[in-house]
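First comes the structure, then the notes that go with it.
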Amino acid sequence: MKPRAAKIRDLLLSMIVAEAEATAPEAPDAAAPGGLRARLMGSVAEDRYAPFLHRLAALTGLSAAEARAILRRISDPWEQSPWAGCELIHLQGGPATAGADTGLVRLQPGCRFPLHRHPAEHVLILQGALQEAEDGAGGGVIRKAGDQFSLTGAHTFTALPGEPLIYAVVVYGVEFLE
């Protein structure tokens with residue numbers, strides 16, 4: 001699905017859920033619409049990121065069913081990181097990723113992830129785009145949704161304008177240099 005079509009679908013779904021919540025009966029059992037919103041938004045996230053399902057499973061060492069559950073979590077609340085505009089969801093990877101930190105990272109447009117280095121980092125971009133810079137130098141490679149790559153050494157990157165950058169990462173050790 002094209003990004004514009006996905007945005008329109010997400011907007012329409014939000015409007016339908018808002019209308020359902022607004023017209024729900026005022027009763028103790030009327031708590032379901034809040035849960036309905038979470039389930040519907042999780043379903044939208046799962047559908048939107050479905051093209052990445054098998055690559056996400058391979059990256060994280062999980063089954064397709066476990067990767068599908070991760071995709072549903074994208075619409076859940078995220079943990080705030082120490083850096084403004086950067087949020088995290090920590091994941092438990094499969095046996096193939098033993099000893100690695102595995103998770104999802106979301107950066108707001110324009111946010112820069114600090115200069116860091118590690119022996120190995122494996123990334124799958126699910127949404128948005130970034131500009132990477134080795135050793136903190138300017139310029140660098142632009143990567144977008146669907147790109148999958150591995151990095152070593154020192155680097156930083158900035159989320160490009162548009163929608164927030166969301167990527168899955170498996171990283172073996174990290175040292176922040178700033």
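A short reminder: the numbers here are calculations on the coordinates, not readings from a lab. This is a predicted model, so every value here is computed, not measured.
A few points about this structure:
- Between the stretch 84-123 and the stretch 140-160, the Cα center-to-center distance that results, in Å: 12
- In this structure the amide hydrogen of Ala120, modeled in the peptide plane, comes within under 5 Å of the amide hydrogens of Tyr172, none closer than 5 places in sequence on its chain.
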